[in-house]
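Reading through the structure tokens given below for one structure.
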Amino acid sequence: MMSWFQSREPRERVLLLIMGAMLALFVAWFLVNREVGPTGQSKLEAAQTDRELWLRAAPKLNVSGANGERAAFTRGALIDVARKRDVELSRIQPQPSGGLTVYIEDVGTLEFYAIIGDLVAGYNVDVENVLISTTPNGVLNAQFTLAELG
């Protein structure tokens, strides 16, 4: 191997050394950041435990929804919930199935999830097809479809 390396041009040797160093850095980075192993496994178990706790607690948190006393969902209800949370809806688009596709831009994470929580807890509606992206300044752009439960 050394004779092969020594037989290369000086420029090729430099490039091979750079490539080897980059490969070694990548392998080291991969070993440190991989999700397999004891740390990744414990994070997965913690996430599964959190999910199980949430699934058990969710019906108890939604007392009115658990009793079936949620109001009928309308476009006006969506607008009222957004106003109460001081969130401006960018666009509301009716769907052929009777639902609404909602677009929200530049909304804080807590405000967005509060709107979703208020809608699901207070109205006879289900959230479908959610697309959330973050912006460089740390806020969210979201698109989601709301369908009335029936």
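Below is a table of values for the structure above.
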item: Theoretical FRET efficiency, 1/(1+(r/R0)^6), r = Cβ-Cβ of Gln93 and Asp50, R0 25 Å, to 0.05; result: 0.15
item: Tensor-based shape of region 94-147 (alpha-carbon gyration tensor, a/c under 1.5 rounded, otherwise prolate or oblate); result: oblate
item: Residue-by-residue Karplus 3J(HN,Hα) for region 127-133, coefficients 6.51, -1.76, 1.60, Hz, glycine and proline x; result: 9, 10, 6, 9, 10, 10, 9
item: Magnitude of the charge dipole, region 70-148, Cβ model with Lys/Arg +1 and Asp/Glu -1, debye to 20; result: 140 debye
item: Label-point gap, in nm, between Val32 and Leu131 - each point 7 angstrom along Cα→Cβ; result: 3.6 nm
item: Matching label, Rg/Rh (Cα atoms, Kirkwood Rh) computed from the structure shown, candidates (i) 1.29; (ii) 1.38; (iii) 1.43; result: (i)
item: Nitroxide proxy distance, nm - points 7 Å out along Cα→Cβ at Arg75 and Ala57; result: 3.7 nm
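Bear in mind that the values in this text are calculations on the coordinates, not laboratory data. The structure presented is a predicted model; accordingly, all values stated were derived computationally and were not measured. Note that each Cβ is placed from the backbone with ideal geometry, even for glycine, and that neighbours are counted across all protein chains shown.
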